[in-house]
Amino acid sequence: MTKNKKKTAPRKNTTQAPASARLFWFCAFLLPFIVLAYYPSYQAFFNDYDIWFHLAYGKHYVQNLTWHIDHSVYSWTPAIAKTPYITWIGSSVLYLVHKAFGVTGLFILQYTVLLAAAAIVFWFAKAAHLRTGLPILTSLLLTALTMATAANHIKPEMFSILFVTATAALYLRFRMAPSPWIIAAFPLLFLLWVNTHGLWQFGIIFLGIVFAVDLILYVGRRKQSLGGRALAYLSIAALFTFLALCINPFGPAYPIGFVKSRFAAVIDILFALRGSEEVLFAYALHPFGAIGDIFSANFLQDWFRGLSVFSAAGGSGGGEVLDHFRGVRAYLNLWEHLFYGQRQPFLTMTAMGMTTMLISYLGLWAIAWKRTGISDLPVAAATIAFFFMAMFMGRLALVFSLIWLPSIIFMAWRAGPKPIFPHAAYPLSLAAFIGLTVYVTVCVTYIFEDRSWFGAGYQTYIPDKEVRYIMDNNLPGPMFNDYLAGSFLIWTMYPDYKVAIDARHFPYAGQVFPDWAAIGSRYPLTPQGLRAFTVKYPARIALIHHNYQNLIRWFERSPDWALAYFDTAAVVMVHRDIIPEIPPSAIGAMQPPAHYRDIQNPIVLGYMFDVYQRFFGGHHAAQIRDYYEQNVPDRYWNKQNTLTNMDRFLARLRQQGKW
């Protein structure tokens, strides 16, 4: 058994002067405000619209008192009706909060979840007999900033912040004192989790890794394992947890399918052993290999081929399909962002933060092992494994960060009551806290495109005016739309209009999404390519978010389509055959550049520049360029770079005679 024989008393801090205590409480007071500052609400709406289809789902679940849903009813294109995507608890909670308190309530809920996760960490630190000092405050701050790229979205996934923290803390508390009552909470925890969001699978993977390594140690090096009785407790908890997982809308088939897919992935890895090291590495670590195996190899090749065409096609806007889809789906390889060369400060923070976390964990692990002779290899294996998973699949930064935080507390407990760095821990923690605070201050002052919190001004980022234009003028469908906007259209336009595709992805995996991914390859970005696409999917109107500049250009270059309306979030295109059906009052309803002269948001002004230079020529675009120069603060980090790009486009338009 690996538990300490003596109960460790709370550590006394004999070196902390009253001034240091006051500094600690000052930092504790600042901590929630620093985290709040780094979670601006515009980032939750700018490039992730999942919240909107979850509100539609929640409305269905609550109004019909059911946990079943037909995924296909929201789309006019072929879609899969039944697929194991289970969020009925999470979506229902979001809908009820939104119904009662609006968008502001959703953000209050998000911050409440973050505070509840912090409370679990404090509970665990107390159970480990560690005083809550600056090291823990700094670790909390580092965790919140590192996982922000994955955590700052309003959708059922945010509840996994609580579930991951609780899973890691309960397991590590069990390692301290293997009592069956500690892990008795696992069945209830996973019962809620499996019906809230799909990240429960990574909670099972975490427990599977630690259990498997402990089992191997029990066979090979029994003194380093938890011991037979503790493993028996874990086995019983695993059995009841599996039974709890079976309580979901799809029954036992859902968790059994997950287990079978994991075994299939292991078999793939074993086969890869016969190939090159690169193949093995890809199978073992790539999110579409052992971790995800979502699509077939042929489909992935077609998908990335199409996305690469989009990315290479260029455009004045920054939101190409490849970057956007990877950002929303969080299938981001963070290795390329480990240093600042990609000019993505938030992703660099996540990559560097996780690397710092791993190094600090390995340091504590080595010290604890040297002091006690106990390796705690299961915890180390899980922590290291999730680091590499997260570096290859950015979404898992949330999971790794929340496993790391209880793990370093556990390693500090394992190291014993003797201070690890008696004279350096406090000043190092203070320096790190100050450094992270300065970083957040720089982000708020120079980097954030919009300084908004609690959902203020969220309408700027959603196509509500564009939706009203379509519905008020009763434009005839079917409607083509992009991957991002589709979720908002489900919430606002169903059942009057149905979507062609949306960010759910899974209902379209059979046909529509492969065709969407093939735009740019099987369906070239030419008038002929668009005509071939609309023969198969006969849309008569289109709502396209400004993030998809190449899609907009695709329609703009076609003689079959015309611009009908645009505003700050999207454009509305109509097929020329239906122009006679449009009410006369809707013709020419678009605003001149002067309408946007007071806007200070660089994102919106960038969108407007794209629209005017594409559809109206350089003269109108030059006005938007001037508004950008006048209104966007000089401190904004990307202002000069954007103005340079705008000037380059305007010069090209002059040369082409499109002024």
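The values are calculated or read from the model by the stated rules, or taken from the named source; none is laboratory data. These numbers come from a predicted model, not from an experiment. A quick note on method: Cβ atoms are made from the backbone with ideal geometry, for glycine too, and the neighbour counts reach across all protein chains shown. Note: areas computed on protein heavy atoms with side chains; ligands, DNA, RNA excluded. Shrake-Rupley method; radii C 1.70, N 1.55, O 1.52, S 1.80 Å.
Suppose each label sits 7 Å from its Cα in the direction of the beta carbon; what would the ASN645-THR372 distance come out to in nanometres?
5.1
Give me, ordered by chain and number, the residues 5 or more places off ALA564 or on other chains with an amide H under 5 Å from its own placed amide H.
VAL572, MET573, VAL574
Please list MET608, MET349 in order of solvent-accessible area, largest first, computed with a 1.4 Å probe with all protein chains present.
MET349, MET608
Let me check the size of the stretch 66-140 from its C-alpha atoms; what are the radius of gyration and Dmax in Å?
Cα-based Rg and Dmax for the stretch 66-140 come out at 19.4, 58 Å.
Find out how many positive minus negative residues lie around ALA56, taking Lys and Arg as positive, Asp and Glu as negative, among other residues whose Cβ is under 14 Å from that of ALA56.
Local net charge: +1.
Just flag the trypsin sites (Lys or Arg not before Pro) in the stretch 555-637 sitting in loop per DSSP whose Cβ has no more than 16 other Cβ atoms within 10 Å.
Taking the stretch 555-637 and a limit of 16 other Cβ atoms within 10 Å, the loop trypsin sites (Lys or Arg not before Pro) found are ARG557, ARG597, ARG635.
So if the hydrodynamic radius of the stretch 84-220 is defined as the Kirkwood radius over C-alpha pairs, what does Stokes-Einstein give as its diffusion coefficient at 4 °C and 1.567 mPa s, in µm² per second?
79
Taking Cα pairs under 8 Å and at least six residues apart, what relative contact order does the stretch 111-171 come out at, in percent?
Result for the stretch 111-171 is 57 percent.
Quick check on the stretch 514-659: what are the equivalent-ellipsoid semi-axes from the Cα gyration tensor, as sqrt(5λ), descending, whole Å?
Computed over the stretch 514-659, the values are 29, 18, 14 Å.
State the dimensionless ratio Rg/Rh of the stretch 151-208 (Rg: radius of gyration of Cα atoms; Rh: Kirkwood radius).
Rg divided by Rh gives 1.00.
Mind listing the phi-derived Karplus ³J(HN,Hα) values for the stretch 109-125, rounded to whole Hz, using 6.51, -1.76 and 1.60 with θ = phi - 60°, and x for any glycine or proline?
Computed from phi, the couplings for the stretch 109-125 are 4, 4, 5, 5, 4, 4, 5, 5, 5, 4, 5, 4, 5, 5, 4, 5, 4 Hz.
Hey, any idea what Rg/Rh is for the stretch 96-141, computing Rh the Kirkwood way over Cα pairs?
Radius of gyration over Kirkwood radius for the stretch 96-141 works out to 1.20.
Run the simple label-point estimate for ASN64 and ARG652 please: 7 Å along Cα→C-beta, distance reported in nm.
A separation of 4.8 nm, rounded to one decimal place.
Output needed for the chain: three equivalent-ellipsoid semi-axes, defined as square roots of 5 times the C-alpha gyration tensor eigenvalues, in descending order, whole Å.
47, 29, 22
For the chain, what is the relative contact order in percent, using Cα pairs closer than 8 Å and at least 6 residues apart in sequence?
18
Exceeding 27 Å between C-alpha atoms, which entries from my cross-link table qualify? They are LYS155/LYS639; LYS59/LYS82; LYS536/LYS658; LYS498/LYS536; LYS59/LYS465.
Pairs exceeding 27 Å: LYS155/LYS639; LYS536/LYS658.
What ranking do 182-193, 362-373 get when scored by the average of other Cβ atoms within 10 Å per residue, highest first?
In decreasing order of mean packing, 182-193, 362-373 become 182-193, 362-373.
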